[in-house]
Amino acid sequence: MKTPMLIVGIVVTFLTTSFNYAQDSDTTNTNNKLIEELKYIKQPGLANAASKIYHADRRYSISGFTEINTVGYLGEKNRSEDLELYYSNLYRLGVYFGYKITDKLIFNSEIQAEFLHDGFREYGTEFNFEWIVDYLFAREFNVRVGNYPIPIGYTNINEEPIAFYSVNRPEVERIIIPTQWLETGIMFYGNILKNQIEYNIGLTKGLDASNMNEGTWIRRGRYHQVAIPESWASNFKLEFVGNEQTKLGISGYYGNAGRGQSTPTGDAFNPIIKMISGFAGYDLGNFSLFALAIRGNTTQTDKIFLFDNQIIGSETFGYYTEARWDLFSLVNTNSSWKLPLWLRYERLDTHASIVSSFENRNFNRQNLEIISIGANLRPRKNLVIKGNYQFRKNLSKTMFDEADRVEFGLGFIF
């Protein structure tokens, strides 16, 4: 267990440091701090901590986030080939380093360390390095090149733990949208219509359909490649950013997932992945509502089956609605401490439609209905302690019962 303890040690160090800086914020000049504080101003296409360099007063910035989660299963686990979907313990640390080459040309990078444990066997820590370079022409038009988050749904961009209320990201945004999902490519972004609308338009490498798994749709199709891709994909997002109380956005993805391959039988292989997603939310004082929906399509699923006998849904969908209310507002409306209680209804199906030749076969269908209840303790804006219970049901008759889950976690950004 040396690896997770190392990560925990790093986490505690950063947590203590961030608290000390926060406490001294009124008496210490910003330029004298080793780690400049977050301004909580998001750059289009990035979360809070990842955006720090764009609004920093210095030439460089250091920021990041941490999650420590534990999951208990009240019954048998429905295991997939992706450990992240059924782990028992998670330790995740992401550190961003940004540098302003000039005031217009900005380098931003992330090193992420992750340790997962399924309760039976241990996996070594995984280290990933991601980078982007932005050229800031104007508020209305900028260019980003590198490994950037695909702007689909909500959580794939807002993936830092203070941005969502459950211990884990919503299941719709883990299975249908494979959060976190980054791809190598180019993106154009900016704010238009008097800064009311944020837009992203991007071109990236495509997915690898030959490696997809039936229980998680396109999630296993993500892969790393440094060479020029042999298949391409496009993405877009439009989001209303006119005020902090309203969340409203629509996003989409369209791409070839063939990677220039042929099927094992020598036929042409050009499956197309399509997704369209929308979200809406509103904060009304200490009460807020949020909802998200996504629909996806896959072509040539009969040819995908030839690679590894995986029955991929030709149509998928997912949606959830969530209500939150701050309990501490009954005691002291001026307190910086928050205790949101929340309730979420979630529905998803990885196989809403399949080709007729697969209808009499058994396969791993995630036809889930999930009701989650939980609470967040938020003593600071950058720190959250979470707990929730999930009532889970798989509506597919071909699968065993889905186990309920009890989850606890801690997360913060700096």
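At a glance:
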{"read-out": "Exclusive hit being touching a Lys or Arg at 6+ places or on another chain (Cβ under 8 Å), buried (at least 18 other Cβ atoms within 10 Å of the Cβ) and part of a loop (DSSP other than H, G, I, E, B), set Tyr253, Tyr165, Tyr189", "value": "Tyr165"}
{"read-out": "Single condition Ala47 does not satisfy, out of (1) touching a Phe, Trp or Tyr at 6+ places or on another chain (Cβ under 9 Å); (2) among the hydrophobic types (A, V, I, L, M, F, W, C); (3) under 24 Å from Gly190 (Cα atoms); (4) open to solvent by 60 Å² or more (accessible area, probe 1.4 Å)", "value": "(4)"}
{"read-out": "Only one of Ala227, Ala233 that is among the hydrophobic types (A, V, I, L, M, F, W, C), without any contact (Cβ under 8 Å) to a residue 60 or more places away in the chain and in a loop (DSSP other than H, G, I, E, B)", "value": "Ala227"}
{"read-out": "Subset tally (residues that are open to solvent by less than 10 Å² (accessible area, probe 1.4 Å) and either touching a Gly at 6+ places or on another chain (Cβ under 6 Å) or of a type in the set (Asp, Glu) (or both)) for the range 172-186", "value": "5"}
{"read-out": "Residue in the range 372-379 that is in contact (Cβ under 8 Å) with a residue 24 or more places away in the chain, under 23 Å from the mean Cα position of the chain (by Cα), within 28 Å of Tyr40 (Cα to Cα) and open to solvent by 70 Å² or more (accessible area, probe 1.4 Å) present", "value": "yes"}
{"read-out": "Residue satisfying all of: in the range 137-152; open to solvent by 30 Å² or more (accessible area, probe 1.4 Å) and of a type in the set (A, V, I, L, M, F, W, C); nearest to the chain's Cα centre (by Cα) among these", "value": "Val145"}
{"read-out": "Subset of the range 256-285 [surrounded by fewer than 16 Cβ atoms within 10 Å (Cβ to Cβ) and outside any strand (DSSP E or B)]", "value": "Gly260, Pro264, Thr265, Gly266, Asp267, Gly285"}
{"read-out": "Test for Val133: is it at pLDDT 95 or above, among the aliphatic types (A, V, I, L, M) and either open to solvent by 50 Å² or more (accessible area, probe 1.4 Å) or over 25 Å from Val406 (Cβ atoms) (or both)", "value": "yes"}
{"read-out": "Residue in the range 98-128 that is nearest to the chain's Cα centre (by Cα), counting only those that are within 21 Å of Ile35 (Cβ to Cβ) and surrounded by fewer than 17 Cβ atoms within 10 Å (Cβ to Cβ)", "value": "Ile111"}
{"read-out": "Selection count where residues are in contact with a Leu (Cβ under 9 Å, 6 or more places away or on another chain) and either farther than 27 Å from Ile370 by Cβ or open to solvent by less than 40 Å² (accessible area, probe 1.4 Å) (or both), scope the range 332-346", "value": "4"}
{"read-out": "Residue count for the range 195-212, restricted to those that are open to solvent by 10 Å² or more (accessible area, probe 1.4 Å) and either on the phi > 0 side of the Ramachandran plot or assigned to a loop (DSSP other than H, G, I, E, B) (or both)", "value": "3"}
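This table checks each residue for (1) within 26 Å of Thr216 (Cα to Cα); (2) hydrophobic (A, V, I, L, M, F, W, C); (3) in contact (Cβ under 8 Å) with a residue 12 or more places away in the chain.
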site: His55; (1), (2), (3): no, no, yes
site: Tyr60; (1), (2), (3): no, no, yes
site: Glu67; (1), (2), (3): yes, no, yes
site: Thr102; (1), (2), (3): no, no, no
site: Ile106; (1), (2), (3): no, yes, yes
site: Phe120; (1), (2), (3): yes, yes, no
site: Leu136; (1), (2), (3): no, yes, yes
site: Arg144; (1), (2), (3): no, no, yes
site: Pro149; (1), (2), (3): yes, no, yes
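The values are calculated or read from the model by the stated rules, or taken from the named source; none is laboratory data. Quick caveat, the model's predicted, so the values are computed rather than measured. Virtual Cβ from ideal backbone geometry, glycine too; neighbours counted across all protein chains shown. Keep in mind that these areas ignore ligands, DNA and RNA; they rest on the heavy atoms of the full protein, side chains included. Shrake-Rupley method; radii C 1.70, N 1.55, O 1.52, S 1.80 Å.
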